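Structure first, commentary second.
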Amino acid sequence: MNSIVRSTLVLALLSTFIGCQSQQGSKTSSKTKDSNTPVVTLENEKVLTEKDTLPYQASYTRLHDLLHTKLTVAFDWQKQQMNGTANLVLKPYFYDQKEIILDAKGFDIHEVSLVKPNAKTLVYSYDKKKLIVTLDKTYTQKDTFELKIKYTAKPNELPKGGSAAITEDKGLYFINADGKDPKKPKQIWTQGETEAASCWFPTIDAPNERCTQEMFITVEDKYTVISNGELIYSKKNADGTKTVNWKMNKPHAPYLFMMVVGEFAEVKDTWRGKEVHYFVEKEYEPYAKAIFGNTPEMLEFFSTRLNYDYAWNKYYQVVVRDYVSGAMENTTASIFMEALQVDDRALLDDNWETIVAHELFHHWFGDLVTCESWSNLPLNESFANYSEYLWLEHKFGKDEADYHSIDEQDGYLGEAQSKQVDLIRFHYKEREDMFDAHSYNKGGRVLHMLRNYVGDEAFFKSLSLYLKKNEFTSVEIHNLRLAFEEVTGEDLNWFFNQWFLNKGHADIKISHRYEGGNLVIKVKQDQDPATTPIYKLPIDIDIYDAADNKVRKRIWITKDNEEVKIPLAAKPKLVIEDPEYQILGTVEHSKPTEEWYAQFALAKNYMARLDAVDHIFEVGEDVNPFENNPKNRELLHSILKDSFWDVRFAGLAMFSKFFIERPEEYAADMENIAMNDPKSLVRARCIFLLNSLDKEKFKTVFQKNIDAKPYSVAGASLFALLSLKDSTAIARLPEFEKYNNINIVIPLAVYFTESVQVDKYQWFKNAITTASDRGVYQLLNYFGTYLTLVTAEEKKDGMAVLKEISEKNKHEVIREAAKAQLASLK
């Protein structure tokens with residue numbers, strides 16, 4: 001499940017549209033101390049934690065073992081209901097059983113009967129949540145029996161639920177069921193996690209259950225039908241329908257069952273002879289391989305790295321409308337939100353590599369080996385999160401992976417300002433609470449620390465052992481620890497206890513000095529020991545001598561305030577503590593300014609260079625680091641030519657942050673960036689900057705870039721030319737109005753509003769009603785402003801659009817923003 005959707009390129013540039021405000025794209029370790037989770041205290045009494053105030057969430061007790069599920073289903077589009085027959089093959093797990101309790105939410109139950117060993121009708125009770133069936137006799141664990149349940153699933157009659165991660169939990173979704181929305185296809189799809197599978201079929205809806213399955217799905221002949229496993233047949237019926245049979249021969253958890261019905265373009269690929277297919281709307285068929293085309297390479301990379309080949313018979317990826325999350329790793333057939341449907345130009349600005357890797361990696365961590373309880377969810381999600389780092393490192397290099405990793409850490413640290421809980425947590429209010437930046441972001445960073453500690457060979461050998469020992473079963477955190485201990489020979493309770501089974505993160509202040517023939521490293525752990533451990537920390541130290549030779553040492557910190565001495569013959573030129581920036585938390589480095597200059601010049605890791613830039617230019621409010629400082633002026637040239645794009649982006653931000661005399665000195669650097677930088681984000685940011693510095697001087701740059709293939713670069717150039725009232729750009733506005741990419745839409749919205757183009761209401765309405773959720777959010781302010789310029793009738797219609805967004809959009813932040821616009825207009 002990919003429930004935390006990262007910010008994208010387009011959002012990084014939007015404040016520049018609004019007014020060329022400084023955009024700091026740098027990602028470094030946060031230097032702000034995080035507050036701990038609020039706790040209830042009384043004088044002389046212990047601190048109350050979630051263990052004291054929230055219920056213990058045990059793994060589900062297994063009374064029966066579900067062996068096989070056979071579903072026969074058909075749909076009533078008008079009523080948005082599903083008529084189904086479920087055949088369940090079960091046996092008692094250990095103890096003798098006279099009844100069975102099934103999860104079945106909101107159904108009409110028509111029949112419950114025994115098929116095997118003897119056909120007969122059974123007595124049952126049902127409260128719309130649990131179906132309790134009295135069996136015909138007492139069964140032992142040696143006995144197998146088969147139930148048949150005829151039912152109607154009525155998802156729209158279920159109580160509304162969901163969370164920030166998964167916005168609804170009704171299991172079965174009919175999209176544009178009446179076909180009245182011409183801009184939206186008719187679809188049916190399912191979403192099982194966490195326990196919504198039982199909203200569309202009766203089952204034992206628990207992550208520690210698993211079974212094989214087969215599906216017989218009857219739909220109108222025009223629709224594509226997708227489900228788990230192998231396609232056995234698709235048979236046309238006399239009434240214009242067809243019945244499609246899918247079969248899954250390897251067991252998996254019920255929450256991973258899926259089906260999708262709709263009209264799709266199917267784009268075929270393969271890996272080692274297995275089907276790797278991509279399903280998108282017809283409009284996006286030409287771009288499906290650009291979106292998903294690295295999947296075969298990912299399958300090969302992950303299979304090789306884990307020394308465990310992809311276990312399943314196929315891998316399909318399906319994009320649907322109105323999805324309730326980012327994506328879902330249904331076994332052999334992942335579902336993705338519609339935001340992935342973009343053209344090749346948009347993919348030059350931002351790609352979906354991380355979400356594709358995330359869902360694929362779940363097929364090892366989540367589908368093959370499944371968390372036994374939601375308390376152990378990080379065994380699914382932390383690994384999927386870390387797969388993003390592994391893939392980026394493999395495909396695009398370590399700097400790109402590190403950038404993503406620090407971005408993920410920042411997401412966790414942001415959440416940690418108000419919430420700090422154990423990573424593996426057995427006390428929570430709702431299971432959906434587990435889907436947070438702890439289970440995803442923090443867990444991924446913890447795995448990164450574990451990899452850095454044990455080394456690559458031991459890390460991946462341990463993961464391979466963990467998978468082989470626990471394949472097709474459910475696990476808890478200790479299974480992972482035991483695999484690492486078997487490989488490394490080391491007791492790793494210290495690591496797992498402080499990082500997986502405890503809350504918080506390190507808050508480190510670190511400095512060094514040279515005295516008496518020793519390099520003295522001083523480390524202070526500043527986190528609150530009442531709620532956060534004092535960590536046992538291995539910290540690597542890179543030491544550079546006067547000839548720029550580097551040696552790496554590892555020290556151990558076990559106290560809240562500690563000094564460690566490293567014998568050294570001469571004072572070092574540069575010391576970099578935690579040079580891989582892998583410690584989870586906030587790390588404040590203190591060193592002389594000259595060392596920061598040396599760090600920028602010598603460090604191979606981009607994060608170390610960016611950290612140096614931050615410290616060199618971290619000055620007081622009234623201080624300009626470029627004034628009478630030729631060294632910094634020369635350094636800026638180097639920053640703008642750095643090998644990694646985020647450092648160059650930080651260099652461009654200097655022009656917004658500080659007054660830099662004679663900016664023309666950097667004109668050649670910036671013109672080169674605007675025309676040739678390989679990162680479109682950096683090119684676009686540079687074009688906005690040139691527009692704010694000297695519109696007329698750089699007009700030729702804008703004109704050359706208005707037809708650039710990346711939308712961000714073309715949009716930035718369009719914005720600049722419209723601000724210049726360029727007649728050629730204005731004459732081409734009808735051409736640009738046809739685009740729905742937000743990088744083009746926003747400059748048009750700004751221009752139409754500022755130039756009071758009162759005949760553009762229909763364009764605005766179409767833009768906001770067809771935009772992605774992120775596009776809607778960015779357009780709301782412009783749309784609200786534009787409604788003050790139009791006729792009363794158009795204003796009324798526009799307010800109706802805002803009202804619908806305020807009531808029906810699945811994101812609270814968007815609903816509230818729409819309400820604010822409505823209130824302003826009223």
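Scan (1) closer than 30 Å to residue 371 by Cβ; (2) charged (D, E, K, R); (3) free of Cβ contacts under 8 Å to residues at least 24 places away in the same chain for the single condition residue 51 breaks and write down its number.
Residue 51 satisfies all of (1) closer than 30 Å to residue 371 by Cβ; (2) charged (D, E, K, R); (3) free of Cβ contacts under 8 Å to residues at least 24 places away in the same chain except (3).
Table: residues versus (1) more than 20 Å from residue 333 (Cα to Cα); (2) of a type in the set (D, E, K, R); (3) surrounded by 20 or more Cβ atoms within 10 Å (Cβ to Cβ).
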residue: 195; (1), (2), (3): no, yes, yes
residue: 202; (1), (2), (3): yes, no, yes
residue: 210; (1), (2), (3): no, yes, yes
residue: 222; (1), (2), (3): yes, yes, no
residue: 226; (1), (2), (3): no, no, yes
residue: 230; (1), (2), (3): no, yes, no
residue: 246; (1), (2), (3): no, no, yes
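Out of (1) over 28 Å from the mean Cα position of the chain (by Cα); (2) surrounded by fewer than 15 Cβ atoms within 10 Å (Cβ to Cβ), the odd one out for residue 242 is which?
Result: residue 242 passes all but (2).
Can you tell me which residue within segment 459-487, out of those that are open to solvent by 20 Å² or more (accessible area, probe 1.4 Å) and among the aliphatic types (A, V, I, L, M), is nearest to the chain's Cα centre (by Cα)?
Restricting to residues being open to solvent by 20 Å² or more (accessible area, probe 1.4 Å) and among the aliphatic types (A, V, I, L, M), the top hit is 465.
Could we say that residue 206 is over 17 Å from residue 327 (Cβ atoms) and either crowded, with 23+ Cβ neighbours inside 10 Å or aromatic (Phe, Trp, Tyr) (or both) here?
yes
Output yes when any residue across segment 102-115 is closer than 16 Å to residue 254 by Cβ, modelled with pLDDT of 95 or more, among the aromatic types (Phe, Trp, Tyr) and open to solvent by 40 Å² or more (accessible area, probe 1.4 Å), and no when none is.
No; the residues of segment 102-115 include none that is closer than 16 Å to residue 254 by Cβ, modelled with pLDDT of 95 or more, among the aromatic types (Phe, Trp, Tyr) and open to solvent by 40 Å² or more (accessible area, probe 1.4 Å).
For (1) farther than 30 Å from residue 287 by Cα; (2) open to solvent by 30 Å² or more (accessible area, probe 1.4 Å); (3) of a type in the set (A, V, I, L, M, F, W, C), each residue gets a yes or a no:
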{"position": "369", "(1), (2), (3)": "yes, no, yes"}
{"position": "416", "(1), (2), (3)": "yes, no, yes"}
{"position": "422", "(1), (2), (3)": "yes, no, no"}
{"position": "425", "(1), (2), (3)": "yes, no, no"}
{"position": "428", "(1), (2), (3)": "yes, no, no"}
{"position": "440", "(1), (2), (3)": "no, no, no"}
{"position": "450", "(1), (2), (3)": "yes, no, yes"}
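Do you know which of the residues in segment 699-733 that are within 22 Å of residue 349 (Cβ to Cβ) and charged (D, E, K, R) is surrounded by the most Cβ atoms within 10 Å (Cβ to Cβ)?
By that ranking, first place goes to 732.
Residues in segment 181-189: is at least one under 19 Å from residue 319 (Cα atoms) and of a type in the set (Asp, Glu)?
yes
Which of the residues spanning segment 255-266 are touching a residue at least 24 places away in the same chain (Cβ under 8 Å) and in a strand (DSSP E or B)?
Residues satisfying the conditions are 259, 260, 261, 262, 266.
Identify the single condition in (1) within 31 Å of the chain's Cα centre (by Cα); (2) modelled with pLDDT of 95 or more; (3) surrounded by fewer than 23 Cβ atoms within 10 Å (Cβ to Cβ) that residue 681 does not satisfy, given that it satisfies every other one.
Going through (1) within 31 Å of the chain's Cα centre (by Cα); (2) modelled with pLDDT of 95 or more; (3) surrounded by fewer than 23 Cβ atoms within 10 Å (Cβ to Cβ) one by one, residue 681 breaks only (3).
Taking the options 265, 253, 290, name whichever one is open to solvent by less than 30 Å² (accessible area, probe 1.4 Å) and touching a helix residue (DSSP H, G or I) at 6+ places or on another chain (Cβ under 7 Å).
Selected residue: 265, the only one of 265, 253, 290 that is open to solvent by less than 30 Å² (accessible area, probe 1.4 Å) and touching a helix residue (DSSP H, G or I) at 6+ places or on another chain (Cβ under 7 Å).
Considering segment 678-708 alone, what residues qualify as being in contact (Cβ under 8 Å) with a residue 60 or more places away in the chain and under 14 Å from residue 729 (Cβ atoms)?
Listed by number, the list holds a single entry, 691.
Please determine, by comparing only the residues of segment 147-200 that are hydroxyl-bearing (Ser, Thr, Tyr) and at pLDDT 90 or above, which one is nearest to the chain's Cα centre (by Cα).
194
Suppose we keep only residues that are open to solvent by 30 Å² or more (accessible area, probe 1.4 Å) and among the hydrophobic types (A, V, I, L, M, F, W, C) within segment 532-554. Which one would you say is farthest from residue 576 (Cα to Cα)?
Only one residue fits best here, namely 534.
Identify all residues within segment 734-768 that are open to solvent by less than 50 Å² (accessible area, probe 1.4 Å), within 17 Å of residue 798 (Cα to Cα) and not aliphatic (A, V, I, L, M); write none if there are none.
752, 753, 760, 761, 763, 764
If you go through segment 344-355 one residue at a time, how many are open to solvent by 30 Å² or more (accessible area, probe 1.4 Å) and over 18 Å from the mean Cα position of the chain (by Cα)?
Residues in segment 344-355 being open to solvent by 30 Å² or more (accessible area, probe 1.4 Å) and over 18 Å from the mean Cα position of the chain (by Cα): 3 in total.
Give me a count of the residues in segment 498-531 that are open to solvent by less than 30 Å² (accessible area, probe 1.4 Å), at pLDDT 95 or above and within 29 Å of residue 414 (Cβ to Cβ).
Of the residues in that region, 13 qualify.
Return a yes/no flag: does segment 85-94 have any residue that is buried (at least 17 other Cβ atoms within 10 Å of the Cβ), free of Cβ contacts under 8 Å to residues at least 40 places away in the same chain, of a type in the set (Ser, Thr, Tyr) and in a strand (DSSP E or B).
No, because not a single residue in segment 85-94 is buried (at least 17 other Cβ atoms within 10 Å of the Cβ), free of Cβ contacts under 8 Å to residues at least 40 places away in the same chain, of a type in the set (Ser, Thr, Tyr) and in a strand (DSSP E or B).
For residue 780, are the conditions met, namely being open to solvent by less than 20 Å² (accessible area, probe 1.4 Å), of a type outside the set (S, T, N, Q) and either at pLDDT below 95 or within 29 Å of the chain's Cα centre (by Cα) (or both)?
When the stated conditions are applied, residue 780 passes them.
In segment 315-328, is there at least one residue being under 28 Å from residue 173 (Cα atoms) and open to solvent by 20 Å² or more (accessible area, probe 1.4 Å)?
yes
Taking segment 555-586 as the search range and keeping residues that are buried (at least 20 other Cβ atoms within 10 Å of the Cβ) and among the hydroxyl-bearing types (Ser, Thr, Tyr), which one is farthest from residue 423 (Cα to Cα)?
The residue in question is 581.
Filter segment 576-598 down to residues that are without any contact (Cβ under 8 Å) to a residue 40 or more places away in the chain and either within 15 Å of residue 401 (Cα to Cα) or touching an Asp or Glu at 6+ places or on another chain (Cβ under 7 Å) (or both), then give me how many there are.
Qualifying residue count, segment 576-598: 2.
Can you confirm whether residue 729 is of a type in the set (A, V, I, L, M, F, W, C) and in contact with a Phe, Trp or Tyr (Cβ under 9 Å, 6 or more places away or on another chain)?
yes
Mind listing whichever residues of segment 624-635 are in a loop (DSSP other than H, G, I, E, B) and loosely packed, with under 10 Cβ neighbours inside 10 Å?
628
Of all residues in segment 63-84, which are part of a strand (DSSP E or B) and open to solvent by 50 Å² or more (accessible area, probe 1.4 Å)?
Across segment 63-84, the qualifying residues are 67, 70, 72, 83.
The values are calculated or read from the model by the stated rules, or taken from the named source; none is laboratory data. These numbers were taken from a predicted model, which means no experiment stands behind them. Glycine also receives a Cβ, built like all others from the backbone with ideal geometry; neighbour counts cover every protein chain displayed. Calculation scope for accessible area: heavy atoms of the full protein, side chains included, ligands and nucleic acids excluded. Shrake-Rupley method; radii C 1.70, N 1.55, O 1.52, S 1.80 Å.
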